[in-house]
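Undergrad: First the structure, which I've put down as structure tokens, then a few questions once you've had a look.
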Protein chains: 2
Amino acid sequence: MNISQILQDSCIDIEAWFRRQWRELHPPIYSSMDLRNAGFKLAPVDTNLFPAGFNNLKPEGMPLYVQAMQAAITEIDPEIVRILLIPESHTRNPFYFESVAVLKEILLQAGFEVRIGSLSPDLTDKQTHTLPSGRKLLIEPLIRNGDTISVKNFSSCCILLNNDLSSGVPPILENIKQIILPPVQLGWMTRLKSEHFSHYQSVCELFAEAIGIDPWLIMPYFDQCPDVDFQNPEGQECLITRANGLLSLIRKKYKEYKVPHKPFLVVKADQGTYGMAVMMIDDPEQLRNLNRKQKQKMSVIKGGKQVTKAIIQEGVHTFETAGPQQSVAEPVIYTIGRYVLGGFYRIHKDRGVTENLNSPGMDFVPLPFENLCHSRFYAYGVIARLALLASSRELAIVQKSNIHD
Amino acid sequence: MNISQILQDSCIDIEAWFRRQWRELHPPIYSSMDLRNAGFKLAPVDTNLFPAGFNNLKPEGMPLYVQAMQAAITEIDPEIVRILLIPESHTRNPFYFESVAVLKEILLQAGFEVRIGSLSPDLTDKQTHTLPSGRKLLIEPLIRNGDTISVKNFSSCCILLNNDLSSGVPPILENIKQIILPPVQLGWMTRLKSEHFSHYQSVCELFAEAIGIDPWLIMPYFDQCPDVDFQNPEGQECLITRANGLLSLIRKKYKEYKVPHKPFLVVKADQGTYGMAVMMIDDPEQLRNLNRKQKQKMSVIKGGKQVTKAIIQEGVHTFETAGPQQSVAEPVIYTIGRYVLGGFYRIHKDRGVTENLNSPGMDFVPLPFENLCHSRFYAYGVIARLALLASSRELAIVQKSNIHD
């Protein structure tokens, strides 16, 4: 039994189901999803609402990305003409800038005026970066003026945020009257993976009911601990108890489906990103015996923030391989608005089928992926869109609370 | 001065302008436009609301076509799942069937169920055609049941019409409660080219005002005669008078822009298609001296129908060439919903820059065209979308009168 084939065979019902969902929900402007494909099971393990990596999408797909961007922005507000793009502030990663350059290119080709404004207080004058690809990228200091922000000689009603706000919402972004896409509340300072996956679970239950499958085949079981401390033994008790509970649920499912593998769990910071503070375990007792290095690794996420909340997620083996050395691979899928753009394989030649591939040494292989019913990779787009619906629910909650403010 | 460059330089304003237009107008489900590019001037010369030739679009563009189809149909009615496709009834052209097969493929890949029902009374049992590409196409007889039509074991709320209804609306299609895309009133029995171009002129005037150009640079002057008879000398007087008037307007413009070419006119049946009943003239007196063959050619359109209305259109030179022999070429652009899919060059190695290329011996060359601001061919998509807005006005009028019925 292969879940990809099952989904592909149900394409017509699935597409009709998605069309109905989009009558009530609005998607975040963009996202990327890390999937894991075990064959019998295909599930997202992370959904990023401030995606980087646009430079790893195949350039021939540009007309598709541009059409998606035009449709998505028109749906939000057809009056938007000028867009202020706010990237991450760390300025040392040329590949991240390549991604920003591709994102800017998509917006330009779609007929928007774009300027890039940095949140970094160190940037006091405009700066042109020359990237490895030869592209040039102009980054300017942000200026706050009353309740709007801008860069010099550029007023815009719309801000596209590509900064995940791991360290919180900086004062310059507070109480701004411009449209911010996505809203700042979806930044990692406030967003929780466990909330996303709880929405994902509800979405999958609805979807599985409609299509007639077991929702477990498309979602990782998970649980969370709201108050952990990896430096303190008592801080791990919650994790150990819940990890045990989760493992026994998974073992039941493995038995039901005669899965010949050993179940494992992934423990992650509930607000983590960049593959930081992620740990694979197959025995909850491992949590009791962390060495100093492991404790340190699990305690700190991006921006040096302490980890206090953790999510424990069912591990999904990835049995895909790609690249010249047939390295272990996981698909990363991109969306703009409600549209699936395609994606790539994240590969890592030194990692195994149960390990985190989002770590130094990873590489990217273009995915010959098209969001078509008869495509071999159709299922990737389905799972990505289910995760997108989950994010749309997160967005709806944030927007409702913004209106009530 | 090159109008393509001017349009490309105004991309941001143009895209903002189109977004505003689509707030009020709904596009027909699909269309194709024949353009002519004289360099100083770029204009549509025909807009087809029942496009064939999908097989001439580049196959790599499939994800784009599918995304456009999903967006267009969702906008019309997200409940549509099954689509009944009604093709032309003449069954001898395998290339037309290739086009129908590609159209069906776009719908299938977009997640719709599709069956093909023929209006031909000769088809009494289902028939499978094997096409030159190896594709197989199943065509079934239409069944009328009360106020719906179907094919055996297939009920559908939506009919996609790819039959231009040149011979009128057949009884089986009358008073049907299903959604018909586009509405039957846009068939060639009732639709007039002169009406389309009169809407096109209004659209261009608005657009030209917004962008700051002379509308003549993007539209052919035209006039029409509502009551012609090519077999009868008196029937030509209207044409000759109006042709003279038109030519003197064009001569003025040629002088203003120092165009070093001889102006010419195209006389066409106001309801014609397939390149039938089309004639190029550079002196209205030529209309007085038609020989028997010319008279015959101008008198009859598809389905053997008599020509009684004619449109006289400013001829637009085409200075593009394409193909192995650098034949004279004109771009043909396709849309689905409000989206530009791309297109191809129609070429004809035996024709000159002022001649009709839509005639036996024509061939097709894929257009390396992408509807992107920075694409060399951006202007094609702009002109196609202006013609699309004109068709959307035709559609709005038909829909209003349908509601009042």
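Read the figures in this text as sums done on the coordinates, not as results from a lab. Since the structure is predicted, the reported quantities are computational estimates derived from the model, not experimental observations. Using ideal geometry, Cβ is built from the backbone for each residue, glycine included, and neighbour counts are taken over all protein chains shown.
Undergrad: Residue by residue through the range B:139-154, which ³J(HN,Hα) values in whole Hz follow from phi under the Karplus form 6.51 cos²θ - 1.76 cosθ + 1.60 (θ = phi - 60°), with glycine and proline marked x?
TA: 10, 10, x, 6, 10, 9, 9, x, 9, 10, 10, 7, 10, 3, 6, 8
Undergrad: Check B:Phe222: other-chain or 5+ apart residues with amide H under 5 Å from its amide H, H built from backbone geometry?
TA: Distant-sequence amide H within range of B:Phe222: B:Glu314.
Undergrad: Same structure again: Roughly speaking, what is the centre-to-centre gap between the range B:235-309 and the range B:49-66 when only Cα atoms are used, to the nearest Å?
TA: The range B:235-309 and the range B:49-66 have Cα centres separated by 32 Å.
Undergrad: Starting from a Cα-only point model with no solvent, please compute log10 I(q)/I(0) by Debye for the range A:305-405 at q = 0.20, 0.22, 0.25 1/Å.
TA: Rounded to two decimals, the profile gives -1.10, -1.18, -1.26.
Undergrad: Over what distance in Å are the Cα centres of the range A:17-45 and the range B:365-379 separated?
TA: Each part's Cα centre sits 32 Å from the other's.
Undergrad: May I pose another question? Taking the alpha-carbon set of the protein assembly as shown, what are its Rg and Dmax in Å?
TA: 30.0, 104
Undergrad: Which three semi-axes in whole Å describe the equivalent ellipsoid of the range A:167-206, each the square root of 5 times a Cα gyration tensor eigenvalue, listed largest first?
TA: 27, 12, 5
Undergrad: Thinking of the range B:105-149 as a set of Cα atoms, what percent of all their pairs are more than 13 Å apart?
TA: Distances greater than 13 Å cover 65 percent of the Cα pairs.
Undergrad: Going by C-beta contacts inside 10 Å, put A:Thr124, B:Thr241 in order with the fewest on the left.
TA: A:Thr124, B:Thr241
Undergrad: Separate question: Build a GNM of chain B with springs between Cα atoms under 10 Å: which of B:Arg92, B:Arg115, B:Arg19 gets the top mean-square fluctuation?
TA: Among B:Arg92, B:Arg115, B:Arg19, the largest mean-square fluctuation in the Gaussian network model of chain B belongs to B:Arg92.
Undergrad: For chain A, what relative contact order do you get, as a whole percent, if you take Cα pairs closer than 8 Å and at least 6 residues apart?
TA: Dividing the mean separation by the residue count of chain A yields 22 percent.
Undergrad: Over the range B:15-98, what lengths in whole Å, largest first, do the semi-axes of the equivalent ellipsoid take, defined as the square roots of 5 times the eigenvalues of the alpha-carbon gyration tensor?
TA: With the √(5λ) rule applied to the range B:15-98, the semi-axes are 24, 23, 13 Å.
Undergrad: Follow-up question, since we're still on this one. If the convex hull of the alpha-carbon atoms of the range B:249-345 is projected onto planes in all directions, what is the mean projected area in square nanometres?
TA: Approximately 9.5 nm², given one-decimal rounding.
Undergrad: Here is a follow-up. So what is the relative contact order of the range A:224-318, in percent, for Cα pairs below 8 Å that sit 6 or more residues apart?
TA: 40
Undergrad: What is the sum of charges, Lys and Arg at +1 and Asp and Glu at -1, for the other residues whose Cβ falls under 14 Å from the Cβ of B:Val382?
TA: My count for the surroundings of B:Val382 gives +1.
Undergrad: Given points 7 Å out from each Cα along the Cα-Cβ axis, report the A:Lys293 to B:Thr130 separation in nanometres with one decimal.
TA: 6.6
Undergrad: Arrange A:Lys253, B:Lys400, B:Lys41 by Cβ neighbour counts within 10 Å, fewest through most, would you?
TA: Fewest-to-most ranking of A:Lys253, B:Lys400, B:Lys41: B:Lys400, A:Lys253, B:Lys41.
Undergrad: Same structure, new question: Arranged by the count of other C-beta atoms within 10 angstrom, fewest first, what order do A:Ile383, B:Ile179, B:Ile312, B:Ile139 take?
TA: In order of increasing Cβ crowding within 10 Å: B:Ile179, B:Ile139, A:Ile383, B:Ile312.
Undergrad: Something else about it: Roughly how crowded by other chains is peptide A:21-27, in terms of the mean Cβ count from those chains within 10 Å of each of its Cβ atoms?
TA: Counting other chains' Cβ atoms within 10 Å and averaging over A:21-27 gives 1.
Undergrad: Only Cα pairs under 8 Å and at least 6 apart count here; give the relative contact order of the range A:269-405 as a rounded whole percent.
TA: 18
Undergrad: Please flag any cysteine in the protein assembly as shown that has no other cysteine's Cβ under 4.7 angstrom from its own Cβ.
TA: Within the protein assembly as shown, the cysteines lacking a partner Cβ under 4.7 Å are A:Cys157, A:Cys158, A:Cys204, B:Cys157, B:Cys158, B:Cys204.
Undergrad: If you don't mind, another one. When DSSP assigns beta bridges and you keep just the ones with both residues in chain A, what percent turn out antiparallel, to the nearest 5?
TA: 80
Undergrad: Also: For the range A:1-160, what value does the Rg/Rh ratio take when both radii are computed over Cα atoms and Rh is the Kirkwood radius, given to two decimals?
TA: Over the Cα atoms of the range A:1-160, Rg/Rh equals 1.03.
Undergrad: Could you pull out every one of the lysines with an alpha carbon less than 26 Å from that of A:Lys295, ignoring same-chain neighbours closer than 8 positions?
TA: Cross-link targets: A:Lys193, A:Lys262, A:Lys268, A:Lys305, A:Lys309, A:Lys349.
Undergrad: How large is the Kirkwood hydrodynamic radius of the range A:94-220, in angstrom, based on all distinct alpha carbon pairs?
TA: With all distinct Cα pairs of the range A:94-220 included, I get 17.3 Å.
Undergrad: Same structure again: Would you check the range A:27-140 for Lys pairs whose C-alpha atoms are within less than 23 Å, ignoring same-chain pairs closer than 8 in sequence, and give me the count?
TA: 5
Undergrad: Continuing with the same structure: Using alpha carbons only, what's the Rg to Rh ratio of chain B with Rh from Kirkwood?
TA: In chain B, Rg relative to Rh is 0.95.
Undergrad: What is the log10 of I(q)/I(0) for the range A:169-309, computed with the Debye formula using one identical point scatterer on each Cα and no solvent, at q = 0.08, 0.11, 0.14, 0.15 Å⁻¹?
TA: One equal scatterer on each Cα of the range A:169-309 leads to -0.29, -0.52, -0.79, -0.88.
Undergrad: Apply 1/(1 + (r/R0)^6) to the Cβ-Cβ distance of A:Lys58 and B:His90, taking R0 = 60 Å, and write down the FRET efficiency to the nearest 0.05.
TA: Calculated transfer efficiency: 0.90.
Undergrad: Give, as a single signed number, the net charge of other residues whose beta carbon lies under 11 Å from the beta carbon of A:Ala243, with Lys and Arg counted +1 and Asp and Glu -1.
TA: -4
Undergrad: Are there any helices in chain A, counted as whole DSSP H runs, that stretch 24 Å or more along their axis by Cα and score at least 0.0 on average by Kyte-Doolittle, and if so which?
TA: In chain A, the long hydrophobic H runs are A:378-404.
Undergrad: Can you give the calculated 222 nm mean residue ellipticity of the protein assembly as shown, where each DSSP H run of n ≥ 4 adds -39,500 (n - 2.57) and the sum is split over every residue, rounded to the nearest 500 deg cm²/dmol?
TA: Counting only the DSSP helices, I get -10000 deg cm²/dmol.
Undergrad: What three numbers, in Å, describe the spread of the alpha carbons of the range B:294-333 along their principal axes, ordered from the longest?
TA: Extents along the principal axes, in whole Å: 38, 23, 22.
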